[in-house]
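Below: the structure, in structure tokens.
The values are calculated or read from the model by the stated rules, or taken from the named source; none is laboratory data. All values reported here derive from a predicted model rather than from experimental measurement. Cβ placement follows ideal geometry from the backbone for every residue including glycine, while neighbour counts extend to all protein chains displayed. These accessible areas exclude ligands, DNA and RNA; they are computed on the full protein's heavy atoms, side chains included. Shrake-Rupley method; radii C 1.70, N 1.55, O 1.52, S 1.80 Å.
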Amino acid sequence: MLLTADIGNTNIVLALLDEKDRVVSQCRVPSGEPLPPEAYDDAIRRVLAGHDAPEGAVIGSVVPRLTAETADAIRRVTGLEALVVGPTTQAGLDIAIEQPETLGVDLLAADAAAAAEYPLPVVVFDFGTATTVTVVDADRRYRGGVILAGVKLSLHALFSGTAQLPDIALEAPGKVICSVTEDSLQAGAIYGAAAMADGLLDRMEEELGVPCTAVATGGLAGVITPYCRRDIRRDDSLLLRGLALIWRKKLRKSVNFII
């Protein structure tokens with residue numbers, strides 16, 4: 001068993017993975033506001049309840065203030081020292097961007113898993129607080145990509161900047177040409193994001209000169225991908241499996257060094 005922590009801008013996703021990298025238990029903790037230490041301890045205990053003790057732990061974080069707090073909680077509950085993944089941690093990819101030290105560990109982990117498990121080249125969509133679209137080419141080079149405001153973030157900006165638009169649920173209205181304001185907002189959010197995904201995939205394939213596998217992860221992948229016209233496969237645990245892959249690489253390297 002491996003305990004993984006994906007610390008994002010909206011939630012900390014704590015998950016327990018088995019020896020085949022299947023998620024057997026999972027818990028979410030809000031990351032937008034400070035919580036007492038016992039909140040993190042309790043969440044970890046909930047993830048571990050009823051399962052064998054983990055042999056290791058790994059953290060991928062894009063929220064620096066929560067990295068140490070999560071590592072401390074893991075140490076208190078399990079006695080384990082978690083591997084904290086950084087942008088230069090070995091992940092099996094050639095990081096072919098101008099400033100590799102700025103690479104987000106969420107992108108590193110998701111793309112490492114995608115490159116290991118899917119035909120290359122691969123385009124990875126992460127529909128989270130931000131929407132990211134990144135590329136690993138046929139030579140396992142991480143080439144970078146684009147970053148956009150996430151679907152919910154864009155809607156929040158729209159609501160906060162206007163006086164008369166209502167807050168809405170993210171549900172597709174069934175048509176694009178809408179005559180009701182709420183339906184128009186839903187259509188814009190969902191069909192707009194789907195069309196963006198289709199269009200960016202087309203443009204990235206044009207730049208690479210070859211067809212690509214496309215994979216989507218993140219909290220809104222299940223909302224957006226059903227309305228994409230391109231074949232974009234949904235993979236909810238991609239990032240967590242990427243953290244597990246990186247942890248195993250680090251473990252093997254440590255063992256080989258000792259030998």
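Starting from the range 109-127, keep only residues that are within 14 Å of Arg234 (Cβ to Cβ) and of a type in the set (Phe, Trp, Tyr), then list their pairs with residues that are open to solvent by 10 Å² or more (accessible area, probe 1.4 Å) and not in a strand (DSSP E or B) whose Cβ atoms are within a distance under 7 Å, requiring at least 6 positions of separation or different chains. Listed by first residue and then by second, the contacts come to Phe125/Ile232; Phe127/Val151; Phe127/Gly218; Phe127/Gly219; Phe127/Leu220.
Which members of the range 122-134 meet the condition of being over 10 Å from the mean Cα position of the chain (by Cα) and buried (at least 24 other Cβ atoms within 10 Å of the Cβ)? Matches in the range 122-134: Val123, Thr134. Among the residues of this structure, Arg75 does not count as one that is open to solvent by 20 Å² or more (accessible area, probe 1.4 Å), touching a residue at least 40 places away in the same chain (Cβ under 8 Å) and more than 14 Å from the chain's Cα centre (by Cα). The number of residues in the range 79-107 that are outside any loop (DSSP other than H, G, I, E, B), among the hydroxyl-bearing types (Ser, Thr, Tyr) and buried (at least 18 other Cβ atoms within 10 Å of the Cβ) comes to 0. If the condition is being closer than 19 Å to Ser61 by Cα and either more than 15 Å from the chain's Cα centre (by Cα) or open to solvent by 60 Å² or more (accessible area, probe 1.4 Å) (or both), then the range 10-24 contributes Thr10, Leu16, Leu17.
The residue pairs whose first member lies in the range 171-196 and is free of Cβ contacts under 8 Å to residues at least 24 places away in the same chain, whose second member is of a type in the set (Phe, Trp, Tyr) and open to solvent by 30 Å² or more (accessible area, probe 1.4 Å), and whose beta carbons are closer than 8 Å, counting only pairs six or more residues apart or on different chains, are Val176/Tyr191.
The set of residues in the range 25-67 being open to solvent by less than 30 Å² (accessible area, probe 1.4 Å) and under 18 Å from the mean Cα position of the chain (by Cα) consists of Ser25, Cys27, Val29, Ser31, Ala57, Val58, Ile59, Gly60, Ser61, Val63, Leu66, Thr67.
When Leu93, Leu155, Leu170, Leu107 are checked against the criterion of being over 16 Å from the mean Cα position of the chain (by Cα) and at pLDDT 95 or above, Leu93 stands alone in meeting it.
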